[in-house]
1. Find the residue count for the range 294-326, including only residues that are surrounded by 13 or more Cβ atoms within 10 Å (Cβ to Cβ), in contact with a strand residue (DSSP E or B) (Cβ under 8 Å, 6 or more places away or on another chain) and either free of Cβ contacts under 8 Å to residues at least 40 places away in the same chain or not in a helix (DSSP H, G or I) (or both).
2. Does Leu113 satisfy the condition of being touching a residue at least 40 places away in the same chain (Cβ under 8 Å) and over 20 Å from the mean Cα position of the chain (by Cα)?
3. Only one residue in Glu239, Glu227, Glu263, Glu247 is free of Cβ contacts under 8 Å to residues at least 12 places away in the same chain and within 21 Å of Ser160 (Cβ to Cβ). Which one?
4. Based on what the data block shows, is Arg279 surrounded by fewer than 20 Cβ atoms within 10 Å (Cβ to Cβ) and among the basic types (Lys, Arg)?
5. From (1) touching a helix residue (DSSP H, G or I) at 6+ places or on another chain (Cβ under 6 Å); (2) closer than 17 Å to Ala187 by Cα; (3) in a helix (DSSP H, G or I), pick out the condition that doesn't hold for Gly79.
6. What number of residues in the range 110-138 are in a helix (DSSP H, G or I) and either under 16 Å from Asn202 (Cα atoms) or of a type in the set (A, V, I, L, M) (or both)?
7. Return the residues of the range 47-79 that are without any contact (Cβ under 8 Å) to a residue 60 or more places away in the chain and on the phi > 0 side of the Ramachandran plot; say none if nothing qualifies.
8. In the range 208-231, which residues are in a loop (DSSP other than H, G, I, E, B) and at pLDDT below 80?
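The values are calculated or read from the model by the stated rules, or taken from the named source; none is laboratory data. Keep in mind that this is a model prediction, so the values were computed, not measured. Here the Cβ positions follow ideal geometry from the backbone for every residue, glycine too, while neighbour counts run over all protein chains shown.
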Amino acid sequence: MRILAMLMMMLVPLQLWAACGGVDLRPELSDAQRAEIAARLDGVPFTQGNHWTATKGTRTIHIIGTMHVDDDRMPQVAGRLAAVIRRADTLLVEANSADQKALEREMATNPDLAFLTGKTLIDLMPAEDWNALAAAAKARGIPPFMAAKFQPWYLSLLLSVSPCALKEMQKGGEGLDKRLMKIAEDAGVPTLSLEPFTTVFNLFARDPLEEQIALLTLGVLPDRVSENATATLKAQYFEEEHMASMEVSRVATRPMVDLPPAEFDALFDDFMDLLVRQRNENWITPIEAAEGDVIVVAAGALHLGGTHGVLNLLFQRGYTLSRQPF
């Protein structure tokens, strides 16, 4: 679950981590893994490109795939896209500034979003499993007594981030989303949210507690694994290979998790369905309802491609899709 949650770092509207080393995992993939990735991508629509336009009639929608984490290359990317943002009538993001602040207030006033009520993980897990998780939390600067109070899915998310990356996030780096939002604010372009600010929390929290704990106890993976996965994801993002990044994550992670391959793939697909497909389908209505003839949609890159990606959903609604410079 923690490795799968790494995909969430490209999806949720939170600045969770920044660059912290690691190496690209792709050169280490076997021929069989490479062949599986190619087979899974065969025939999939819109597998590449971080900037597309969808046009129909007088309306043009720019769809920009973002990464919610910082990188030295982000200022240059934001600079190249600045003119697109300034010309827009509306910018749509996963969560605008107002909703991000609202989420912070909601977490402060409604701790049930991320915290357990009643028994803690110390009470709910075998001692051996908890001790391993407590050590991992401590290495990330999270006091074990506090980690024990987190909902299992939320702790899974936190532990997917390496200790180094959690420290780096304190430096205040910004992903592409926030950079584009600042450009829009300076230009007077209204920025709206694609979904309610509690969407991701509600999606995870609906799973039974026992299931969350079972996923949490799959094991604490080495910190270096997280760093290498980060480096790989970033490399593919700047190569504009968003759908390949998902399949590399699948095949590279599968051997590291103590599950039968078929069961792992089922969990992986369920995860992607929950955090990508369902949200994409819900986003089409606010995208088409946005006011103006020039709309910009800036969302995590994994939302763009595939049969159920935003690009194909717009294509199915009669829009003409064209890849643009990124």
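1. So the answer is 13.
2. Numbers: touching a residue at least 40 places away in the same chain (Cβ under 8 Å): yes; over 20 Å from the mean Cα position of the chain (by Cα): no.
No.
3. Glu263
4. Values: surrounded by fewer than 20 Cβ atoms within 10 Å (Cβ to Cβ): no; among the basic types (Lys, Arg): yes.
Here the answer is no, as Arg279 does not meet what is asked.
5. Going through the list (1) touching a helix residue (DSSP H, G or I) at 6+ places or on another chain (Cβ under 6 Å); (2) closer than 17 Å to Ala187 by Cα; (3) in a helix (DSSP H, G or I), Gly79 breaks only (1).
6. 13
7. If the condition is that a residue be without any contact (Cβ under 8 Å) to a residue 60 or more places away in the chain and on the phi > 0 side of the Ramachandran plot, then Gly57 is the only one that fits.
8. Thr217, Leu218, Gly219, Val220, Leu221, Pro222
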